[in-house]
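One structure below.
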Amino acid sequence: MTPTLERAELRRVRMRLKSPFMTSFGVEQDRECLILCLHADGLSGWGECVAGAWPGYSYETTATAWHVLVEFFLPQVLGKPLPAPAELSSRLAAYRGHPMARAALEMCLWDLAGKSSNQSLQDMLGGEQKAVPVGVSIGIQESPKDLVAVAAAYIEEGYQRLKLKVKPGRDVQDVAAVRDRFPDQVLQIDANSAYTLEQQEVFLQLDEFDLLLIEQPLAEDDLVDHSRLQELLKTPLCLDESILSARHARQALEIDACRIVNIKPARVGGISEAVRIHNECGQHGAPVWCGGMLESGIGRASNLALASLPGFTLAGDISATDRYYDQDVTAERFKLNPDSTIDVPQGPGLGIEIDEETLDRFTLLGTEIRG
């Protein structure tokens, strides 16, 4: 008999970052997110909604995700037979948008599914690698000299791939400084949609720095101009914000708007759609990698399992726990191996244990919803 989803616990939490993280969107010192827990048949399934406190990367925020989960999404599953993760999209078919809220709910279902069947998320997804390659994302620093110092510290820690955030006025000079200091280091850059095609000269200059990829240089809703820019460059473009579904990935690859795709489960509505994007890119021979959203150990565990699929051939932005947090809401602290990999959790579901005391301390607001 299929168990019933009895209740949900939803928390808004705030976690202090070890250092400020600056992108073209702004600066983050504290990271806010939602932590969701579903209870069914004596089991608890955990999920993380990575929407932030303000609408920078996405229109979703902790406030909008809270509203959508409580008022619309959770009523479609609570008090009803526990759905398989793949069934969630049909349960929520009447609603548009809010992929980060969807992804959090689906993550809970994957965790419950794994715990009830005694399977890890990696096994359920068909992942292969027991440890996945990871890199580190470096926010914009006060000066190129400071950026070089931060890059050197991460290289010393063992990260074999660096991603540098850029924005207009903080691009060519910054990248040149790092490349000059580390001529053989694997480098990529991320613009977070901060440029227009009229600024193509910047990318023609960046094209000379032997970069692995240039991520999301133009507007998230502009595949055509990305295609035009790619035509001018030898460096592959990678799309992030532009890819919300497998359909978007297919269209982007067909018109050469990108040659690499960054897959973030939260951005695309959950792990199920992330796997479909992975498969679509595989059919086009396009490599993929797993992006990061400053996740806690909950989302980090989920990302590691996804990144163990065979198409994830480039190092992801998952990074070790110590990159971002002195304290986390999971008992597990994911550590960087000497070969710039992190081990994939092997326990049932997400394979993590919640540190309840720390989670309580980080909680700003909480509620319980019953079916």
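Its Cα centre serving as origin, segment 61-135 has a Cβ charge dipole (Lys and Arg +1, Asp and Glu -1) of approximately 120 debye.
Rounded to the nearest Hz, the phi-derived 3J(HN,Hα) couplings of segment 356-367 under the Karplus curve 6.51 cos²θ - 1.76 cosθ + 1.60 (θ = phi - 60°) are 4, 5, 5, 4, 4, 5, 8, 6, 8, 7, x, 8, where x marks glycine and proline. Taking label positions 7 Å along the Cα-Cβ direction at both residue 208 and residue 356, the computed distance is 6.1 nm, reported to one decimal. How high is the FRET efficiency between residue 59 and residue 327 when r is their beta carbon distance and R₀ equals 25 Å, given to the nearest 0.05? E(calc), rounded to 0.05, equals 0.25. For the chain, the dipole from Cβ point charges (+1 on Lys and Arg, -1 on Asp and Glu) about the Cα centre works out to 560 debye, to the nearest 20.
Annotation: amide H of residue 131 within the under-5 Å range of 344, sequence separation 5 or more or interchain, hydrogens built in the peptide plane. Converting phi to 3J(HN,Hα) with the Karplus coefficients 6.51, -1.76 and 1.60 and the offset θ = phi - 60°, segment 12-17 yields 9, 10, 10, 10, 7, 6 Hz in sequence order, with x at every glycine or proline. What a 1.4 Å probe finds exposed on segment 284-371 is 48% carbon and sulfur by accessible area, rounded to a whole percent. Kirkwood radius for segment 1-116, taken over all pairs of different Cα atoms as the inverse mean of 1/r, rounds to 14.8 Å. Dividing the convex hull volume of the alpha-carbon atoms in the chain by its residue count gives 123 Å³ per residue.
Residues in segment 218-229 carry Karplus couplings, in order, of 10, 4, 5, 9, 10, 6, 4, 5, 4, 4, 5, 5 Hz; the curve used is 6.51 cos²θ - 1.76 cosθ + 1.60 with θ = phi - 60°, and Gly or Pro positions show x. Which of the three applies to segment 100-142, rounded, prolate or oblate, going by the alpha-carbon gyration tensor with a ≥ b ≥ c and a/c under 1.5 meaning rounded? Oblate, since a/c reaches 1.5 and b/c is not below a/b.
Here residue 167 is the anchor, and the lysines within straight C-alpha reach of less than 19 Å, apart from those fewer than 8 places off in the same chain, are 145. The reciprocal of the average 1/r between distinct C-alpha atoms defines the Kirkwood hydrodynamic radius, which for segment 31-96 equals 13.1 Å. Judged by the mean number of other Cβ atoms found within 10 Å, the most tightly packed of the peptides 35-43, 201-209 leads the ranking 35-43, 201-209. Accessible surface calculations at 1.4 Å, restricted to protein heavy atoms, place the chain at 40 Å² per residue. Kindly provide log₁₀ I(q)/I(0) values, in the same order as q = 0.12 Å⁻¹, from the Debye equation applied to equal alpha-carbon scatterers of segment 211-276. Reported log10 I(q)/I(0), two decimals: -0.26. Given Cα pairs under 8 Å that are at least 6 residues apart, what percent is the relative contact order of segment 83-203? Relative contact order of segment 83-203: 19 percent. Under 1.5 on a/c is rounded, so check that first for segment 69-167, then, if it is not, pick prolate when a/b is larger than b/c and oblate when it is not; a ≥ b ≥ c are the square roots of the alpha carbon gyration tensor eigenvalues. Taking the square roots of the gyration eigenvalues as a ≥ b ≥ c, segment 69-167 is oblate. For segment 313-371, the average shadow cast by the Cα convex hull is 6.5 nm², which is a quarter of the hull's surface.
Close amide H partners of residue 161, meaning residues 5 or more places away or on another chain with modelled amide H under 5 Å apart, are 136.
Could you work out the relative contact order of the chain, using alpha carbon pairs under 8 angstrom and six or more residues apart, expressed as a whole percent? About 22 percent, as a whole number. Roughly how many percent of the accessible protein surface of segment 28-183 is carbon and sulfur, given a 1.4 Å probe and a whole-percent answer? Roughly 51 percent, rounded to a whole number.
Considering all C-alpha pairs of segment 143-276, those separated by over 18 Å amount to 54%.
The values are calculated or read from the model by the stated rules, or taken from the named source; none is laboratory data. The model shown is predicted, which means the values in this text are computed figures rather than measured ones. Heads up, the Cβs are rebuilt from the backbone with ideal geometry, glycines too, and the neighbour counts pull from every protein chain shown. Ligands, DNA and RNA are stripped out before the accessible areas are found, and what is left, the full protein with its side chains, is counted by its heavy atoms. Shrake-Rupley method; radii C 1.70, N 1.55, O 1.52, S 1.80 Å.
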